[in-house]
1. Whose amide H sits under 5 Å from the amide H of Q26, counting only residues 5 or more places off or on another chain, with H placed in the peptide plane?
2. Fully extended, how many nm does the chain gain between D292 and Y47 (0.36 nm per residue separation, minus their Cα-Cα distance)?
3. Placing +1 on the Cβ of each Lys and Arg and -1 on the Cβ of each Asp and Glu in the chain, which of S40, V63, Q200 has its Cα farthest towards the positive end of the resulting dipole?
4. Based on alpha-carbon centroids, what's the gap between the range 214-248 and the range 176-194 in Å, whole number please?
5. Relative to the first principal axis of the alpha-carbon coordinates of the chain, what is the inclination of helix 205-217, with its axis defined by its Cα atoms, in degrees from 0 to 90 and to the nearest 10?
6. Can you tell me the length gained on complete extension of the stretch S40 to E54, counting 0.36 nm per residue apart and subtracting the Cα distance?
7. Distances longer than 24 Å among the Cα atoms of the chain: what percent of all pairs is that?
8. Please work out the Cα center distance from the range 60-79 to the range 101-119, rounded to the nearest Å.
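Since every read-out is calculated from the coordinates, none of them should be taken as a lab result. Owing to the predicted nature of the structure, the values given are computational and were not obtained by experimental measurement. Cβ: placed from backbone, ideal geometry, glycine included. Neighbour counts: every protein chain shown.
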Amino acid sequence: MRILICGATGLIGSALTDLCLQENHQVHYLTTRKSKIEQSENKNGFYWNPAKGEIDEACFEGVEAIVNLSGANIAKRWTETYKQEIVSSRVDTANVLFKSLRNAKTHTIKHYISASGIAIYPSSLTENYAEDTTNESKDFLGNVVKQWELHANQFKSLEIPVTILRTGLVLSKNGGALEEMVKPIKYGVGAAIGSGKQWQSWIHINDIARMYLYVLTQNHTGIFNGVGPNPTTNKLLTKEIASVLKKPFFLPNVPQFMMKLILGEMSTLLFSSQQVSAKKIETTGFKFNFPDLTPALENLLKK
C-alpha cells in the first residue's frame with residue numbers, strides 16, 4: 001500500500017514511517033523543509049506550506065490512505081501567538097489536504113486517519129473515559145482537539161472514511177515527555193507533580209505506531225483512544241521510572257503553584273487528569289506489545 005504521512009519526522013511519524021517500510025508499504029511524506037525531501041524506491045518526500053495553502057499535489061499519486069500527524073508541539077510556553085500556532089498547525093494541514101482532494105478530478109484516497117488527543121476529556125480523578133463520552137473539556141486544549149476532529153471529519157463529505165486516534169502520553173526514548181521526566185530523576189531529584197494523583201493514560205511508542213497501521217490495514221473507522229490498557233498516576237509513573245533507573249525517589253511533591261510560576265498556562269499539561277479506556281481498540285482484536293508500565297519502561301530506559 002502507498003501511504004501519505006504528514007508529520008513524518010515527528011515522534012509518532014518517525015516510528016510509523018519505519019514500521020510502514022518494514023512492512024513493505026510505500027511512504028510518501030510532506031515536509032515544510034525542502035532540505036528534508038528524499039527520493040528513494042519506497043520513500044518519497046514532497047514540499048508543502050500549509051500556512052500559505054501550498055502543496056505539491058504529486059504527493060497524492062497512487063496513494064490509498066493519508067495519515068495526518070501534523071501539529072505544533074504543545075510542550076512549549078503558551079504565548080498567545082504560540083497558542084494560535086498550536087491550533088492553525090492542526091487545522092491548516094487538514095484544510096490544505098481537503099481542498100486539494102475536493103478540487104482534484106480524480107484521486108485514489110480511500111481512508112483519512114488523523115491524530116487527536118485525550119485532552120478532549122475533562123480533567124477528573126474519578127471518571128473513566130471511553131470514546132462515546134459526551135462530556136467535553138472546555139479549556140484551551142479541549143477546544144484545540146474539538147477543532148482538530150472537526151476538520152478531520154470534513155473528509156467524510158468527500159466519501160472518504162475517517163479514523164481518529166485520541167492519543168495519550170506517548171513513552172519513547174527518542175524525545176517526548178519521558179525524556180523530560182527522566183532528566184531530574186537521573187540526578188536523584190525526581191518528584192511527583194502536585195498531588196501526584198492525576199491519571200496519566202500512557203502508551204509505548206511501538207504500540208501507537210502499530211495502532212495507526214492496524215486501523216489503516218484493517219479498515220477500522222471512527223474514534224479510538226490511542227492509549228494503553230493500564231493508565232497510571234503521576235506519582236506511580238515517576239516512582240517506576242526511578243525504580244527502573246535504580247535512582248532514589250524520596251523528595252516531596254513539587255507544588256502546583258511553583259510549576260504555574262515556571263510554565264504559565266502550559267502547566268495544565270502536568271496537572272490534567274484523564275483516565276482513558278483502551279477497550280474499544282482491544283475489542284477489534286488489537287494486541288498491545290507493552291500493556292504494562294514496568295516492562296514498557298524497561299524496554300525504553302535499559303541499555
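1. Distant-sequence amide H within range of Q26: R2, I3.
2. Values: separation 245, 0.36 × 245 = 88.20 nm, distance 3.94 nm.
Computed gain between D292 and Y47 is 84.3 nm.
3. Final value for the positive-end residue is Q200.
4. 17
5. On a 0 to 90 degree scale, this one is about 30.
6. Values: separation 14, 0.36 × 14 = 5.04 nm, distance 2.31 nm.
This chain segment gains 2.7 nm when fully extended.
7. Working: 24121 of 45753 pairs.
Within the chain, distances greater than 24 Å cover 53 percent of Cα pairs.
8. Computed from Cα coordinates, the inter-centre distance equals 12 Å.
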